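Working notes, beginning with the structure itself.
The values are calculated or read from the model by the stated rules, or taken from the named source; none is laboratory data. Worth saying up front: this structure is predicted, and the values here are computed from it rather than measured. Glycine gets a Cβ as well: all are built from the backbone with ideal geometry, and neighbour counts include every protein chain shown. Ligands, DNA and RNA are excluded from the accessible area calculation, which covers all protein heavy atoms including side chains. Shrake-Rupley method; radii C 1.70, N 1.55, O 1.52, S 1.80 Å.
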Amino acid sequence: MNADGRNADGRDNETETIRRILQDAGDTWAVVGLSDNRSRAAYGVAQVLQRFGKRVVPVHPKAETVHGEQGYASLAEIPFPVDVVDVFVNSELAGGVADEAVAVGAKAVWFQLDVVDPAAYEWTRAAGLDMVMDRCPAIEIPRLG
């Protein structure tokens, strides 16, 4: 952390943003990259989100139903408002997902562990959305107490 309160990569201290997303942004989370593959991290994280009262909406090209929720092939196909977009795709694709999140009116974007795109982080924040990058809500939720 630098003297100005920013991380070495320029991001603001995210503790307050994480709290806002998890507690205040809303309970409908589109999980991009969520399929019925139980061995993928998205599957387990989605279960944790559900345990903590979040509605998990799978977004995957296969549009599979996962954890009892209808899946959609893209964010644009979801026929109801989405509060948070949780991103489980490669960093090279993450910026495009952030753009889609802005376009559908999401309140926040969450890039999972190892999903890093500093430019997407900056323009998503500039568009007025809360955003965290390279973090996991399944790790952060218990830290809130």
Search the range 127-145 for residues that are at positive phi and pair each with any residue that is open to solvent by less than 30 Å² (accessible area, probe 1.4 Å) and not in a helix (DSSP H, G or I) when their beta-carbon atoms are under 8 Å apart and the residues are at least 6 apart or on different chains.
134/111; 134/112; 134/115
Taking the stated definitions as given, is residue 27 among the acidic types (Asp, Glu), surrounded by fewer than 17 Cβ atoms within 10 Å (Cβ to Cβ), closer than 23 Å to residue 142 by Cβ and touching a residue at least 40 places away in the same chain (Cβ under 8 Å)?
yes
